[in-house]
1. Going through segment 51-109 one residue at a time, which ones are farther than 19 Å from residue 134 by Cα, assigned to a helix (DSSP H, G or I) and not hydrophobic (A, V, I, L, M, F, W, C)?
2. Could you list all residues from segment 265-297 that are outside any strand (DSSP E or B), within 16 Å of the ligand (Cβ to nearest atom) and not small (Gly, Ala, Ser)?
3. Specify the residue that is nearest to the chain's Cα centre (by Cα); the eligible residues are those in segment 9-49 that are crowded, with 19+ Cβ neighbours inside 10 Å and charged (D, E, K, R).
4. Residues to consider are 233, 200, 246, 191; find the one that is among the basic types (Lys, Arg) and not in a helix (DSSP H, G or I).
5. Here's a check for you: in segment 154-191, which residue that is closer than 25 Å to residue 17 by Cβ and free of Cβ contacts under 8 Å to residues at least 24 places away in the same chain is nearest to the ligand (Cβ to nearest atom)?
6. When the residues of segment 101-145 are narrowed to those that are of a type outside the set (A, V, I, L, M), over 29 Å from the mean Cα position of the chain (by Cα) and surrounded by fewer than 16 Cβ atoms within 10 Å (Cβ to Cβ), which ends up modelled with the highest pLDDT?
7. Looking for something modelled with pLDDT under 85 and either in contact with a His (Cβ under 7 Å, 6 or more places away or on another chain) or over 24 Å from residue 90 (Cα atoms) (or both) - is there at least one such residue anywhere in segment 178-200?
Amino acid sequence: MKKLIKSTADTSLSFEEYEFQFRLPVVQMGLLCCSIIYIAGLPIYLSLFPEELHGVIFWTELPVVMLPLWLLTFSYFYEVPLLSEVRSWLAAYVYLAAGICHAVFNTLNHKYGTPMVGDILPMIFLFGCLFCGLNTKQAGITSGIIFLSIVSATLWADYAWPIVVNQFAQWLFFIAVILFTNYQSQIMLRKVYDYQKELKNKSSTDSLTGLLNRSALDEHFAVLRRQSVRENKAFCLLIIDLDYFKELNDGHGHLEGDQALVTIANILQSSARRPLDCACRWGGDEFIIIFYDVVYEDISEMCRLIKERLQYSAINNPMSEFNGHQTITIGGILGKLGHLTDREIINLADLALYEAKQEGRNTHLIHTYNTSDRNKLNNAKTENNLADSTSSASESNCR
Ligand SMILES: Nc1nc2c(ncn2[C@@H]2O[C@H](COP(=O)(O)OP(=O)(O)OP(=O)(O)O)[C@@H](O)[C@H]2O)c(=O)[nH]1
């Protein structure tokens, strides 16, 4: 059996999971205390009222409250196969059962002189609403039912009115304070969660283009490589470099240069659509895009589409030989790359980019990687470009 994670909550989780992780130590402590009190109280109670070993109170509380409580406590310390929703409903049930048993038995005690069961209700309220991590709605409904059972039992027991009023005021006070605290803690957690998420987004994206930055790419790489090894699937990493970008900056100014970077970033972002695909700004005028579970033909077509879309966006570059349009050069590596390091994969793509630049701009070159030889690149495939058959400059670039 594996112990439940106790580390600080992580914002990649959903809010419900985050809340569960965050409250876990408090819930565990609350449940442990309640379980110990029930266990420790048992011999004391039985030594005071030995006849109860055959009595209704003991034999009702044991299966109805104590065993579920111990099971619940156990499930919060160890990863037993309980769905989190089932665990939450079990908590609501234990709270209800403990509260109703308390109301009924204390009333029986008053009316018929049965043995006392101890005044632990305030603690039960605490454990049910706060420590068991019931959400505010569950806590409100269960507390309301317990309160009604106390009202009915107290009225049925014919307590004197001042006692009844005093008791109701106490329970109402407890319920109000605890529900309010529960609600506030939920709101506070939500704010912390949103804030952490925003911080994480800011620290993982490039402020100019909104694409992932290098550190986010590292995280993505780790997931991607694991998945690629597990599923024995290929993926492709492309490095995209703007051609003569320095000249665009010099000719049209840095603001226009920035706009060109945003345009290409948008094109790349909309090309990486599946969950394990990702687009990232690698730095300066270089971008990385990853496609998971693809074959050479898909990638080749994707490169063609990206270049075509860039051409339609009509960014002008004074140095361009292609109708004055800004162009890009792409180098990539495709294969079952999961066993390589991030650095090795990027170096292989960089090598392809370098070779593509040597051939001339506005091209793409994708190497395919053979897993049988880590040091050898096979089947180098060079492709060409820009499908601008009307441009003589483009034609001269075809190989
Ligand atoms: N506008 C703008 N320019 C940037 C940014 N980051 C880097 N650059 C510029 O990008 C240019 C990159 O120049 P180089 O690495 O020489 O590349 P290049 O001019 O595209 O030449 P080739 O890649 O060989 O075609 C430099 O002039 C940088 O100043 C940015 O965030 N905004």
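1. Matches in segment 51-109: 51, 52, 54, 60, 61, 63, 102, 106, 107, 109.
2. Scanning segment 265-297 gives 266, 268, 285.
3. 19
4. The conditions single out 233.
5. Checked segment 154-191; the qualifying residue nearest to the ligand (Cβ to nearest atom) is 191.
6. This residue is 144.
7. Among the residues of segment 178-200, not one is modelled with pLDDT under 85 and either in contact with a His (Cβ under 7 Å, 6 or more places away or on another chain) or over 24 Å from residue 90 (Cα atoms) (or both), which makes the answer no.
The values are calculated or read from the model by the stated rules, or taken from the named source; none is laboratory data. The structure displayed is predicted, hence computed values, not measured ones. Counting neighbours? That spans all protein chains shown, and the Cβs are built from the backbone with ideal geometry, glycine included.
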